[in-house]
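Contents: one structure, followed by commentary.
Where a number appears in this text, it was derived from the coordinates with a stated rule and is not lab data. As the structure is a prediction and not an experimental result, all values here were calculated from the model. Glycine also receives a Cβ, built like all others from the backbone with ideal geometry; neighbour counts cover every protein chain displayed.
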Amino acid sequence: MKKFDFSGWATRNNLRCSDGRMIMKDAFKSNDGQTVPLVWNHQHNDAYNVLGHALLENREDGVYAYCTLNDTEQGRNAKSLIEHGDVTALSIYANQLRQQGGNVLHGAIREVSLVLAGANPGAYIDSIIRHGEESDEEAVIYTGEFISLQHSDEKEERQENDMSTADTKGKNESEETVADVFNTLSEKQKTVVYALIGQALEDNKNSTEEDDEKVKHNIFDNDEIQNNDVLSHSEQMEIIADAKRYGSLKESVLQHGITNIDYLFPEAKSLNTPPDWISREMGWVKKVMATVHHTPFSRIKSMFANITAEEARAKGYIKGHQKQDEVFGLLKRTTTPTTIYKKQKLDRDDVIDITDFDVVAWLKSEMRMMLDEELARAFLVGDGRISSSDDKINELSIRPIWKDDDLYTIKYAVPVTSSTTEDEKALAFIKGVIKSRKNYKGTGSPTLYTTEDLLTACLLLTDTTGRDLYDSADKLATKLRVKEIITVPVMENLTRTNATTNKSYELGGIIVNLADYNVGADKGGAVNMFDDFDIDYNAQKYLIETRCSGALIKPYSAIAVEFESAITTPAGGGE
């Protein structure tokens, strides 16, 4: 076999990469025995960057590369860099990658590259692999392994040496002790461990009450490791031997007086970056915002002629009598816009320091999500704030369907008492929805907006034999003569009182086709996001706002089904 100029690991198996993925054994088995181009730093779009070729060998521990440099200016220059130790690492470019979870199962190596080793070499994958069960993408994979300048005439000679090493490792790993694992460390690595534990012991021995009041520092933060305070090899082996008796290295070290042993263990890794939102169920918000009718103007005037009165009827004529004029009333209302906003700010230092994800985009998504929820809530039932609150959304500009005038929203009361059971309440609600439906004058087939608790109570109704009356929400919707049933979390436990009738009304559901609810915004009044920077306080400020109006524009286009009950006055109470 022709001599090669250098060799090294192209990939290593079971090496956890920085993004959590792992190259599995035989992932690149299909490349065994193949020769691929050797290029500089993955610049494989120009033949000028080709330095030579690499013969790949699939091994137990990964893929090993025997590399030969061309007798060209670029090849000779690369050889000089390698001999002087300026370039010390290999990397691969692969495609047709397949992965399952975090494990890369298969791929095809297309080229091997000489790369500059970073200050902290280690395994990582530079790619755009989709994080699904299966993916088919390309990647650049770095292992941080150093290349070797040892030459060999026969590849088999190296294989024999590797097999000998593998036989040594072939002992049953389940029988390995902590000492066995420790002995796999290099002398340099052992020295570092001695130093860390030694310093921790010394810090514990010299601690005083005054020292306890000081903030303890992480021994990994020291610029240099002091070699004068270290454990002897015999002391270190005593701790490791005790680990088997105590059950863990941590417990063993604690018995020898080290308190902040957790400093020696890896930092916790976040499983959800950016952080997930803890929010109410938001599916209903998108449906409301997508269904309401939009106009490019915000000042809405509704005019109607009421011809339902007796005076508006056509009349019969008797010869010789005077004919009477028809009389009907005109109704009009105007709705003007109001501003709804949400404001946030971040310290600019935090924006710069948070590098795991785009914190600004994350924050803006929350602002838009919460603005949409507030608008949808205001359209259906109002924002729920008291009228004296500075944050109250003007209900003459955004008119809640539940609280709208009787000309637009029919109020249908279902009588209940304190002794009414949940099943009785659910049955009464179903009957109330069906009976009130005859008064609906809105567009097309409406939707029922209700609470999750009330929908559940309706679906749990059974007949005398225990069979479900409605085994799905769709069948219940058909019974109620509505297109769909949508649950709205913000409708839970909403009540209003009528001082005149001394009655309390709990909202059960709203029947409406939101195509009859108009949301108007003038040019520039639609949802807008604004950014500003406060120089004095080094703060990035963000504002999202809209200026719009909202109201039903068709008479009798909504029905509010409510549970009516008498307001009870506590004994001795009242005025």
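Take 409, 495 and order them by how many other Cβ atoms sit within 10 Å, fewest up front. Walk me through the numbers before you get to the answer.
Numbers: 409 23, 495 11.
Going from least to most buried by this count: 495, 409.
Please give the contour-minus-distance gain from residue 431 to residue 332: 0.36 nm per residue of separation, less the Cα-Cα distance, rounded to one decimal in nm.
Numbers: separation 99, 0.36 × 99 = 35.64 nm, distance 3.35 nm.
Computed gain between residue 431 and residue 332 is 32.3 nm.
Could you give the length gained by full extension between residue 339 and residue 77, i.e. 0.36 nm per residue of separation minus their alpha carbon distance, to one decimal place? All intermediate terms of the calculation are to be shown ahead of the outcome.
Values: separation 262, 0.36 × 262 = 94.32 nm, distance 6.78 nm.
Extending this stretch completely gives an extra 87.5 nm.
What do you get for GluC sites (Glu not before Pro) in segment 415-522 restricted to DSSP loop and a cutoff of at most 15 other Cβ within 10 Å of the site's Cβ? Can you show the working numbers first?
On the way: sites: 422, 424, 452, 484, 492, 506; in loops: 484, 492.
Counting only loop positions with at most 15 other Cβ atoms within 10 Å, the GluC sites (Glu not before Pro) in segment 415-522 are 484, 492.
For an R0 of 30 angstrom, estimate the FRET efficiency from the Cβ-Cβ distance between residue 357 and residue 532 and round to the nearest 0.05. If you can, show how the numbers build up before the last one.
On the way: r = 23 Å, r/R0 = 0.75.
Given R0 = 30 Å and the Cβ-Cβ separation, E is 0.85.
What is the calculated FRET efficiency for residue 501 to residue 301, with r their C-beta to C-beta distance and R₀ = 25 Å, to the nearest 0.05?
Values: r = 32 Å, r/R0 = 1.29.
The computed FRET efficiency comes out at 0.20.
What distance in nm separates the two pseudo spin-label positions at residue 475 and residue 443, each 7 Å out from Cα along the beta-carbon direction?
In this crude label model, residue 475 to residue 443 measures out at 3.3 nm.
Could you give the length gained on full extension between residue 406 and residue 492, defined as 0.36 nm per residue of separation minus the Cα-Cα distance, in nm? Walk me through the numbers on the way to the answer.
Values: separation 86, 0.36 × 86 = 30.96 nm, distance 2.25 nm.
Value of the extension gain: 28.7 nm.
With r as the distance between the Cβ atoms of residue 465 and residue 272 and R0 = 41 Å, compute the FRET efficiency 1/(1 + (r/R0)^6) and round to 0.05. Kindly include the intermediate steps, with their values, before the conclusion.
On the way: r = 47 Å, r/R0 = 1.16.
The computed FRET efficiency comes out at 0.30.
What is the local net charge at residue 459, summed over the other residues whose Cβ is closer than 10 Å to its Cβ (Lys, Arg +1; Asp, Glu -1)?
Working: positive: 475; negative: 468, 471.
In short, -1.
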